[in-house]
Each structure stands twice: as structure tokens, then as C-alpha cells.
1. Residues in segment B:347-394 that are within 14 Å of chain A (Cβ to nearest Cβ) and among the charged types (D, E, K, R): how many?
2. Which of (1) under 17 Å from the mean Cα position of the chain (by Cα); (2) farther than 19 Å from B:ILE52 by Cα is the odd one out, the single condition B:PRO416 does not satisfy?
3. Test each condition in (1) within 14 Å of another protein chain (Cβ to nearest Cβ); (2) surrounded by 23 or more Cβ atoms within 10 Å (Cβ to Cβ) for A:TYR642 and report the one that comes out false.
4. Would you be able to say whether some residue in segment A:336-350 is outside any helix (DSSP H, G or I) and either surrounded by fewer than 23 Cβ atoms within 10 Å (Cβ to Cβ) or among the β-branched types (Val, Ile, Thr) (or both)?
5. Among the residues of segment B:634-668, which ones are acidic (Asp, Glu) and closer than 13 Å to B:LYS581 by Cβ?
6. Scan segment B:610-633 for residues that are more than 11 Å from every other protein chain (Cβ to nearest Cβ) and either over 17 Å from B:CYS577 (Cβ atoms) or aromatic (Phe, Trp, Tyr) (or both) and report the count.
7. Taking segment A:77-104, which residues are open to solvent by 50 Å² or more (accessible area, probe 1.4 Å) and out of contact with any strand residue (DSSP E or B) (no Cβ under 8 Å at 6 or more places or on another chain)?
8. Could you check how many residues of segment A:33-43 are part of a helix (DSSP H, G or I), open to solvent by 20 Å² or more (accessible area, probe 1.4 Å) and not basic (Lys, Arg)?
2 protein chains.
Amino acid sequence: MKRTFLLVVFSGMLSVYGQQRDYAIQAIPFTSVKLTDQFWQSRIETNRTATIPASFERCENTGRVKNFVMAAEKSGKFCTTFPFDDTDIYKTIEGASYSLAVHPDKKLDKYLDSLIVIISKAQEPDGYLYTARTIDPQHPHSWSGDERWVKEHDNSHELYNSGHMFEAAAAHFFATGKRNFLNIAVKNADLLTRTFGPGKRSVAPGHEIVEMGLVKLYRITGKKDYLELAKFFIDQRGKREYKKKSGNSWENGNYWQDARPITQENEALGHAVRAMYLYSAVADVAALTGDKEYLQAIDRIWNNMVGRKLYVQGGIGAVPDGEQFGADYELPNETAYNETCAAIGNVYWNQRMFQLHGDAKYIDVLEKSLYNGLISGVGLDGKSFFYTNAMQVKNTFHYPRLEAERSGWFECSCCPTNVARLIPSVPGYVYAQSEDGVYVNLFINGSANLVVNKKPVQLIQQNNYPWEGGLLFTVKPKSTADFKLRIRIPGWARNEAVPSDLYSFQGSQLASVVLKVNGEVTSYSLEKGYAVINRKWKDNDKVEVSLPMEVRMVKASEKVKDDQGKVAIQRGPLIYCAEWKDNDGRTSNIILPEETVFKPVFQKDLLNGVTVLKGEALGVNVSADGKSIHTVNKPVTVIPYYAWANRGKGEMTVWFPARVKEVDLLTK
Amino acid sequence: MKRTFLLVVFSGMLSVYGQQRDYAIQAIPFTSVKLTDQFWQSRIETNRTATIPASFERCENTGRVKNFVMAAEKSGKFCTTFPFDDTDIYKTIEGASYSLAVHPDKKLDKYLDSLIVIISKAQEPDGYLYTARTIDPQHPHSWSGDERWVKEHDNSHELYNSGHMFEAAAAHFFATGKRNFLNIAVKNADLLTRTFGPGKRSVAPGHEIVEMGLVKLYRITGKKDYLELAKFFIDQRGKREYKKKSGNSWENGNYWQDARPITQENEALGHAVRAMYLYSAVADVAALTGDKEYLQAIDRIWNNMVGRKLYVQGGIGAVPDGEQFGADYELPNETAYNETCAAIGNVYWNQRMFQLHGDAKYIDVLEKSLYNGLISGVGLDGKSFFYTNAMQVKNTFHYPRLEAERSGWFECSCCPTNVARLIPSVPGYVYAQSEDGVYVNLFINGSANLVVNKKPVQLIQQNNYPWEGGLLFTVKPKSTADFKLRIRIPGWARNEAVPSDLYSFQGSQLASVVLKVNGEVTSYSLEKGYAVINRKWKDNDKVEVSLPMEVRMVKASEKVKDDQGKVAIQRGPLIYCAEWKDNDGRTSNIILPEETVFKPVFQKDLLNGVTVLKGEALGVNVSADGKSIHTVNKPVTVIPYYAWANRGKGEMTVWFPARVKEVDLLTK
């Protein structure tokens, strides 16, 4: 299994240096990276043992699998809520495939094959695969339309289902070398190329992802039609008539990123998950075609998003109604939506932006999302999930569409299965490679087997990240090798809270980053956020990097109305929050002067082991009779944001008032 | 002029006792009531000297008069915003007519005649009068539709304009005895009876009032067609197709009281002003036809409104979007809409409900609205107005459609001109008469000339209401007269905050009402809220009533979420509020324990003379550095709600937290 995979990877790598245009920088695939990391390995293991089995179980119990069985038999009645419920199976297969690749499991392998048989039987002879219609074509699901594709822009999600299937089939093929799922995907993709394109049917897919999926199939099969269709779909956007002046994003087309062609877009707009998948596909197609207008567009959009629409914990999509981006600087805390899927999409997109530009700022954003607002989407048990990720929970929290507690599953259960596929793919984000060397993007213990200038090189990382800033890299080339090792020096270690002026650190500068090569302090050039070490590497060369881990107070731009006069707390890549459990049951009564001193304390038995921060701040107490209110010194303990809501329901605060101007008296 | 008028009134009165069915109780017309009252006479004088001239001036300056001139010339372009801007002239003429009737003014009389000439010239030969179309019938105002009436249900307001014109023409005729305006109205009404009705055109008028106006014309002319058309219009409601299940009141028809026939309605729903005018017309038609289903419907609706949708200051229409009634118990303070016109409509409707039922509870609601949330709609200067009437203003108040300050005029200026016509008509709400006697509804100094059982009787009131509870009535029959004198004992004087369980008084019972006849304490029977004194009245008989004027704490039903844990303050009929000016610049920081003792102090130089209430409550102070918060004793002064916002912009509170559970820390 492994051998087949490596051949595929190598052939993929070859294309980088061949005539075929692609990303100048390629990620080292997750299968070449072996983790020994406490922080991530435990999450991947929980994903394998809890999340994936729970997802499959829920796909079975809720009727998602049954829909495929009924489609094969062409009888019955679509028995779940949404036509895109098919994708929960695809996404869990995708996650399971990643898992299989690094953790062989015959039983799981067989189970996937059995699901793939069920899927293949649900596919119509011409390749169409969409159970909501196939079960009873005369009476398809109400969202699906009377004929194929006619409601694709609106609600049907036919191409969305295809896209997730392509992603899953590609992962399954990479992981297992088997073509059983891939063949289904190719058959469906061939139907799409026969159906859509110039002179054929046109549509701007209602929920993007088919574009990314087609690119993946193109990379595997080399069929140019797939790439061209991905580009065709992207180029269909902005062609519908909308009410341009409407402020309603469904009326003006922004909801679907359809108000104007992508090449004329300047802002991150509309449904955040849709947006992330579109921008990722635009990056893919730009890399593969060299389209400069595409590149400029996503550069502009990224600047808008990171400059004006990114939560401090890396979340995006502030607005519940439509799961959308808000206006510039619209980042409310009490009503933050922050869909877990959008955080995952944000990782996809930033990885691609990095591969296009080789700049660490994209990984800074990726890391912020990954370590904070993304993994907050799954509980430490691996089987409870946030669809939305709150920024503030008060005792008065009461927002019907927002969550203060995780759930096991959702009627629209995109997020749990998206988590199931993202977590095991994390090793694939650690390293990357360009013609002249290696990039270290994430600080995760383990070893990676690379081929640099045709020479095998092993790279070993040892650290206690994200809790400590000391990083040790051991380079083990098979023979002396000349290449650049680029180690990301995170923005937060260089006094930059984000690669924009949206957030900034308060107070004195951090200690400097110190870099040693084989024990000696070495100066280094910082290029695009990377410490570049260019040398002839020999076996067991050691690089040490020490990142400063002071606790920092973060302030938001004054333009963010909801964070005015407030501070957030960061240490290393982690954003912290106060949760009720550690703070006498209350966090909304905390006043946190900027000068508050926090002391980090690692607590191995708390929340699977976390460094908490302890400080002395101020609290506001209301007397039992409700007639006396006064400020008291209040010891405050904050925990990593990602770890909140694992100990029951209660108050949680990310942004603390640093000083108070008024109080609102609450009687309820 | 006076003689003509009295003849008209007498002929109107005769119909009560004749064969013609009508209200069993008739109001003593405002022209038979001569005020000497400090509280109201000053308002009517301000209305005469400031409000009416300012309204006319604004009608001239904004182009409202010009629209009529252009319509007469059939040239130009409708030059204001709304087709119903015509009605501002009608309504101001109505107010001016009331004023003329009691305060002869040749100049004003001549000015009205000159306006009536302009209006008459704008009327089309067949009676149609609607400047937005007549100016340029080929290019009417965009709201008006390509042909007459086709957009009546939506936006055109053609019948709304007619309705206000009828009301104004009727008032002008009553006040002056002249037929110049009445003739225009009759000509227009005749067009309506030719156009609408069974077998002719049907419509549920888009904004009700034509129904009330037609009834007024029917009373004057005796033309049954007008009454029948009023009923026809009422019965057209509930015939359109709407999306019944939609929660949007435009989609389900509730906005226009059009979701179902009035006879099937149980709730006060939709646009509050429209609703009041409809229910008033239903009462009129029920009185004139004896329709029991109509009666039962408005009884049900009244119970719903007074039981669940009435603000403590008598305002109605809680929801800004659509100026509508909210759901049951939806009475938010921070975002209260409370249109001034709706309070005026509430007076119209409750007067009619009283005339139907002879129950004081309707006057209790009328008084609550009149003395609080209605006259708050006009500043003490008589030329600044609230369109919306806030229930709470904090420093953070920022609601684009709501107001913390009065304005001189509005683009949609219905409220100022509605005030202009309501204020001078107040004397008409003081007394009423049935076959067996006289009702005293409002406590306003002055004298009234009645005819009871064909004998002239003068009734004199002397009091210092609403500041003091002592009422003196002197009865002066021309010769000994046998009749029942019914003096309303307000619900608030009988420990009933409203005639429903929506609000209640806290704490110990009030002192009892004491009634004396010719100096001797007399027991009396309380019937439908009235102290009934049945005797042979002789000249100079005196009745004294002493109403208890303790300060009361009001609590809302627990179902009113926004008032939970809060108290409001009432003394006599007046609801009080705290305004920034009297309370160290802040009122949102006040905690008002229920046991707080308030002392009434009359301040003659404050706000044209008001009794303020002074007490010692609690305030929450935030230190200058924003790090210390504490409760202090805070002297609190509250003023009558109607008088707020006459001394600059700042905080105002009606409902005070009686005890606090939590605080919300505000950094802005």
C-alpha cells in the first residue's frame, strides 16, 4: 500500500519540476510525515478511535447510508433532511482514508470498501450520483428540482456532492492505492465534463467545492478536461442578474460569491464556507494555469479578510443569518457565528496561498485558525462538536442559532465530518518544499522523509509546542546536502499579532528569537517570515530556535466596534479565554486592566494537559439582595480557547474590558 | 357662527333619542365645554398659537400646498415625498377648525377659506381629489399606480386622503357652519359610492380612515350610502390571498389587518395606526347598525391589546419595522416604537368603546394614553414632535428609526398634524350623556352647558388635576332636575393599574376615595367604574371627590420579559420617568428598590409647572479609571413622562431595576 502511494507522490512531485505548471512550493504529503507529537498525535488518535467511528455510526443511524441503498434499489423515500447529507459519508471516508494511510486497519479498510460498493450501486449508469433524485426520480427531494441540475445554483447541491466525492475518492486513492472509489468519481466527473462547459450547460455551482475536487482528479488522472471544467465553473460566477443595490446578500448575489466575476472581486463576501472553497479553487487553478488576474483577485480578497474580517482566534464568517462574512470590522462577540467548516476552509485556502507565494504570513493565519478556532470545533472526547464557535458566553446567552455547548451531531452535520477529514491531514501541513529547499511551517514533533535535490533527507523535530518556545530540528541527509532550510518565525514571535493592522500586541516588545546551529548562536536572514539557513547539511546537524513565550495582551483595531476598550490574551500561537469553571462560575464580570500580569502554569491533568495562565484582575460582585455592586480583586485563570466547553455549560470570555465606562444593570 | 353650530349639535343629539340607532352614549361636543384649566388650556393655547401656525407654515414651505396648486393647474411635478402628504393640510385645517370654534379668529377663518379654494380647484370634475395623480395623470407619483385605485391596497393612499379630508371637512362644518369644505368632501364621497360597493369596485383600503370619515359625513348628511360604503370597506378585509403561515406580517396580511375578516379577529395586529382607525370605524358602524359580530370582535381585540400590548404610558405599536403591534407581551423599552399617531388613534377608539359600553375602563385607557404617551408626542414649545415615543434612552442609544429628541417636522409628518387636530378636541372627551344622565370622564376645570331631559344644566368642575386629587363639581340646573351624575373613579384610584393583569400596583392599598355631596360624606354605588349619584339636582349642588394621590410602584406581568424585575412609578394618572437633567446626568445607573419613598413637590417654574417626585434610591458609579464600580445612595428625581426631552438630549428611564442580578460591563 505504502509503495503505491509513494510512487504517486513522486510522480506528483516530478510535475513540479517538469513542464507542467503548478504551485512553486509543494507540501510534503502527510504520509511522509511521522508524528510523535503529544499535542497532535493524541488528537489524530482520538479522531481515529472516536470521531471516525462515531461519524460512520451516525451516518448509518440517521439514514444517510440507507439513502444510498435506496438509490441503488430505486425505491423508497429519501429519508434524511438535506440532499447534501450524502457528503457526510464521503467526508468520513476521506478522513478514514487519511487515517488508514498512517495507521493500517484491515477492518476499517474493508468497511470503506463495503461503503464504496453501496455508493457505486447508487450511481446511475451515466455516472450521475445523487441519492435525493435517484431514489425516486419522479419525486425527488424538494430541493433538487424536477430535472437534473435545474436547481443547482439554488439548493440542489448536486455539484457540491460531486466535489466532496472527488475529494474523498482522491484521498482514498492516495491512501490505499485502490481505484474502486476513484473510478466512481471519474465516471461522475466525465458526466460533468459532458454536461457542462462552453456550448453546453452553464451554471455557477450553488455551493462551491466541485472546483477543488476536479483539480484533485486532474492531478491524479492528468485529464485536462477536469481542470478546464474547474476553471469554467469559476468563470460562471458573476453572470446572473441580481439587485445590485440591495443590501441583502441573497438579492445582490454576494451570498454565493456571484455578484461579480472573481477577477473583479475585492472583498471576502457571502457564505464563508462557500467563499473558502472558491478561493482555494481559484488558487489551484491559478497555480496550474498561471492566471494572473486570479492571483491578484485572491490576494486582494485575502488582504480584505485578514485585514478586516478575521476573529482573533482565526475564525471567519461573523454573521449567523446566512453563515456569512459581515461588513468590514463587523466582528461581534456575543453573536459570533464562526462556523467550524469555515475555519477548516480557511486552512485550505491559506495553505494554497502559501504554496503560491512562499510567505509565512499565510501559515501564521493557518496556525491561528488551526490551534484556536478550528480545533475548538471538536470536544476533547472527539465526538462532540461545535457548528458555531462562540466568542463570548454570558449567563444571559440566548441565541437560537448559536451554541454554548457542543452536540454529537447536527441535522446539517457538515462540521463533524469536516473535522473528521481535517484532523488526520494535519501532518500534511508541517513541511513543504521548493526547488531550493525545505520549509518548516508547523512545529510538531516527529520526523519527515524528504527528497531534496534527489537526495533523501530525514528531518526530525523535537519540541513541546505550543506550550514551550524551544524548537530543536535535526537534519539527517543521506549524504551531505546543499539546500536552504526555512524555518517559519511566527508573526506572534516577532511582535506581529496578525499580518494586518486588525490586531496588535500591547506593552513592551517580546524577547528576541534566538537561533543556534549546532549549539552556536547564529545570525540568520529573515525572508518572507522564514529564518533561512543555507548550508551544506550533514548528518545530525542541529538547529535550535527559541521563540519568546511571554503572555501578550492583544488589542483590536479601533474600527472593530465590539472590541473597543477590550483586551484578549495570547501566549505563543494560542488565544486564551476565561471559562466559568476556573473563575468562581462567572467570567462576564471580569475587568482586566492591561497591566495585569499572568503566570503560565502547565497542568497535566487539566483538559488533556494545558498551560493555563493565572493572574490577579478585578471582578464585579452583585450582593444577594441585588442592591449593592462593588469591584473586588479577582484571581483570574484563563485556558486555551480551543479547550473551552469541555466541562459543562457556563460563561466564557475572550475579549475582556480593560476599563469600564458604564454598566448595564441586568435584572434577569 | 356659534348659533349655527349649536343647531347642528342639537340635531345630532336628537338622533340619539330618535328612531335612528347610534351610540347609546353621546359625547358632549367640545364646543359646549368651556375650559378654564391650567393643564389643558395652556396646551390648547400653545396648539393654537404655535402648533397650528407652524404646521401651516411647514405645509407651505415643504410644497404640500404647492401640490394642490399644481393639481389645479394640471402642470408641474408632485414636489413632496408621499402621496398622503395632502393629508397634512387636511389635518391642520381640522385642528384649526376646532380652535376656531372656541376661539374666533377672522384671519385664521379667512386663511382656511383660501386653502379650501385651493383644495377645491385641485379636485377633478367628478370629485376625485388626490394631487399626486391629478398634477400629471400620465406620470403620477410612483406609489399611485397607472390608474386610479389600482394601488389603493398597497401604497397609493387615495382613500386615506379622502378619509382625512372627510374628517377635516366635518370638523370645519361643525366649527364654522360653512359648507365650502363639506361640499368638496361630499363630492368626493359621492365619487366613492359610485365607484366602490357590491357589483362595483372592491378594495380593502390600504390605510384605514376613510371608513371613519364616511361615518362622519353620514351623520351630517344622513346619506345612508356613506354608512353602507364604510361597512363595505370594513367587510372587504380578509379577502386577499396571503401566505398564512408566514411570520412576516406583510406576507400574512396582518400588517393591513387583512389576514382575516374583522369578525374573525382576536388580536390587535399589524400597523398600529391603521388598526386604531379600523377598530374605531368598526365601533362606529356597530353603533349605527347594531352589528353584534362587529361588537364582539372589537371587544376581543380590545382585551388583547389592553391585556398584552399596551405600554405602561398608554403607548401602542411596539415594533419599529412596520410601526406595528408586537407579539403578546412584546413590549421592549430600548426599542419601543410607540408612534404618536397610534396613541391618538387609541384615544379615538377608546372613546368609541366607552360610548358603546358606558364602562369607565375605556376612559381609564384613554386617560393613560392622553396624559402620558400621547402628549409626550409634542414638546412644551408646541412645535417640536416625537414620531416615536421612547421608553428608555441610554447613553448608548443608537437606533436609526427611533428618537431621543423631538424634531420640528418629519418627511412623513403624520404625527405633528395629528397632534394639531387632537389637542383642541380634548374638551370633547370630558363629558358624555345618556338617556338617564351625565358622565364625567376627565377632570378638567371649566364649565359645560348640557341639556338633560330637555332642561338646561350647567356643570362646573374645579380641581388641580392631575397634580391633586381633590375634585369639586357644581351642578347648576335651570330648575330642579332629576338625573344620574356619573363621576369616573379612575382605576388607578381603586388600586387597578390597568383594566387587565398587564400591570399592577405594588405595596399597600391606596387610601379610599371619599365622596361628599354638599359637604357630607356620602356613600355611592360604583357602576362600571363610575360613582353614580342619583338625585334631584338643584342649583349649586356640590359634589366633592377626593382621589388618593399616593405614589405607586408599578410592576408588569411576568410575561413582559423586558420589565422583569423592574418597577415604574405612577402618581394619579401620570407615569413618571427619570431624566438625565435631574439626576446628575445619568438615569441608566439607577437601582430603585420597591420600598423607595417618593415625596411629591410641585415646581411651578419647571417644565411649565409639574409635580416632581423626589426619593433616595441607589446609583452605580464607575470610577474615572474604569476599574472600580460601586453602589452609592443616589437622590432620584422623577418627572412626568409626558414632559421629558424638553431640556436637551440625554438618558431617560421609565422602568427601573428594583434589584440587580448581574451587570453588563460597557467599555464604550
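The values are calculated or read from the model by the stated rules, or taken from the named source; none is laboratory data. Here the structure is a predicted model, which means the values were calculated and not measured. Counting neighbours? That spans all protein chains shown, and the Cβs are built from the backbone with ideal geometry, glycine included. These accessible areas exclude ligands, DNA and RNA; they are computed on the full protein's heavy atoms, side chains included. Shrake-Rupley method; radii C 1.70, N 1.55, O 1.52, S 1.80 Å.
1. In the first step, residues of segment B:347-394 are kept if they are within 14 Å of chain A (Cβ to nearest Cβ); the result is B:392-394.
Subsequent filtering for residues that are among the charged types (D, E, K, R) retains B:394.
Qualifying residue count, segment B:347-394: 1.
2. That leaves (2) as the condition not met.
3. All conditions are met except number (1).
4. Residues of segment A:336-350 that are outside any helix (DSSP H, G or I), as a first pass: A:336-339.
Next, only the ones that are either surrounded by fewer than 23 Cβ atoms within 10 Å (Cβ to Cβ) or among the β-branched types (Val, Ile, Thr) (or both) stay: none.
Among the residues of segment A:336-350, not one is outside any helix (DSSP H, G or I) and either surrounded by fewer than 23 Cβ atoms within 10 Å (Cβ to Cβ) or among the β-branched types (Val, Ile, Thr) (or both), which makes the answer no.
5. Of segment B:634-668, the ones acidic (Asp, Glu) are B:651, B:662, B:664.
Within segment B:634-668, just B:GLU651 meets the criteria.
6. 1
7. Just the residues of segment A:77-104 that are open to solvent by 50 Å² or more (accessible area, probe 1.4 Å), to begin with: A:77, A:79, A:81, A:102-104.
Passing the criteria: A:LYS77, A:CYS79, A:THR81, A:HIS103, A:PRO104.
8. Just the residues of segment A:33-43 that are part of a helix (DSSP H, G or I), to begin with: A:38-43.
Keeping just the survivors that are open to solvent by 20 Å² or more (accessible area, probe 1.4 Å) gives A:38, A:41-43.
Now drop any that are not not basic (Lys, Arg), which leaves A:38, A:41-42.
Summing the residues that are part of a helix (DSSP H, G or I), open to solvent by 20 Å² or more (accessible area, probe 1.4 Å) and not basic (Lys, Arg) in segment A:33-43 gives 3.
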